[in-house]
Each structure stands twice: as C-alpha cells, then as structure tokens.
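Structure record follows, encoded as structure tokens.
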Amino acid sequence: MTATPVRTCIGCRERRPKLALVRLVRDADGVVTVDTRHRAPGRGAYVCATTECVERAVKGGRLTHALRKPCRVAPDVTIAVLQRDSASTALSSGNRADRGSRDEPERSPDPARR
Ligand SMILES: [Zn+2]
C-alpha cells in the first residue's frame, strides 16, 4: 500500500486524501485562488470541492489562519473550486459510462390522477 497523503479540509475539518481536496494558495498580492495545477509555491490550504466547505473556509477567517497571513479571497474561488472538481472527476474516472440512461419513463399510467 502506498501512503496516501492526507490533508485536513479547513471547512469541515475532516481528513481526506489530498487528491480529493482542492488546494488554495495565496498569491503575492494576498489574493487566494485555486491552485488548479497543484504547483503553486507557498503555503496552501485544502478544502473539499463543495460550496459548503469553501464558504465555511472563506467566511470563518479560517483561510487567513491556515495561511498564516492576511488574505483576500478572489470572488470566483467557489466557482473555480467546483469547476476543478468536475474536471478532476471526469479525468479520474476512466470509464465514461455516463450515457447509458436506459430507463426511460415510458409508461405513464394516468397523467392527471388527482
Ligand atoms: Zn470539507
């Protein structure tokens, strides 16, 4: 078994595999953005790729605490996090068996039964 790096989400405080989290970094201007390529230098903070965790992280001042410096959050960080999530799931799940929607609601018994 390879050791999976684990990080704590600063939104919900749960420990998760690093790859399941989104890395937030603070750039030179003090603006926090999503490190989409996992390559930005400096101190990062991790959150789940959910609106809830991002907002909690942002609003509670936890980001500032985690990064140990005053920072502002870019207005579209939440969106960027969610986009990153959809992109990564598309990549990681090798099988794209998403088009097999076979159960069509063919039989509609009686439309207006009220
Ligand atoms: Zn979380």
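At a glance:
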quantity: Tabulated pairs, the range 47-63, first more than 7 Å from the ligand (Cβ to nearest atom), second among the acidic types (Asp, Glu), C-beta under 6 angstrom, 6+ apart or interchain; calculated: Ala49/Asp85
quantity: Single match in Asp85, Asp98 (criterion: at pLDDT below 90, among the acidic types (Asp, Glu) and in a helix (DSSP H, G or I)); calculated: Asp85
quantity: Members of the range 33-46 found to be of a type outside the set (Gly, Ala, Ser), more than 16 Å from the ligand (Cβ to nearest atom) and surrounded by 14 or more Cβ atoms within 10 Å (Cβ to Cβ), listed by number; calculated: Thr33, Asp35, Thr36
quantity: Considering residues of the range 49-73 that are of a type in the set (A, V, I, L, M, F, W, C) and not in a helix (DSSP H, G or I) only, the residue farthest from Val31 (Cα to Cα); calculated: Ala49
quantity: Any hit, the range 44-51, residues being out of contact with any Asp or Glu (no Cβ under 8 Å at 6 or more places or on another chain) and under 16 Å from Arg72 (Cβ atoms); calculated: yes
quantity: Residue list for the range 1-32, restricted to those being hydrophobic (A, V, I, L, M, F, W, C) and either surrounded by 11 or more Cβ atoms within 10 Å (Cβ to Cβ) or in contact (Cβ under 8 Å) with a residue 12 or more places away in the chain (or both); calculated: Val6, Cys9, Ile10, Cys12, Leu19, Ala20, Leu21, Val22, Leu24, Val25, Val31, Val32
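The values are calculated or read from the model by the stated rules, or taken from the named source; none is laboratory data. Source: prediction; values computed, not measured. Methodologically, a virtual Cβ is constructed for each residue, glycine included, from the backbone with ideal geometry; neighbour enumeration extends over all protein chains shown.
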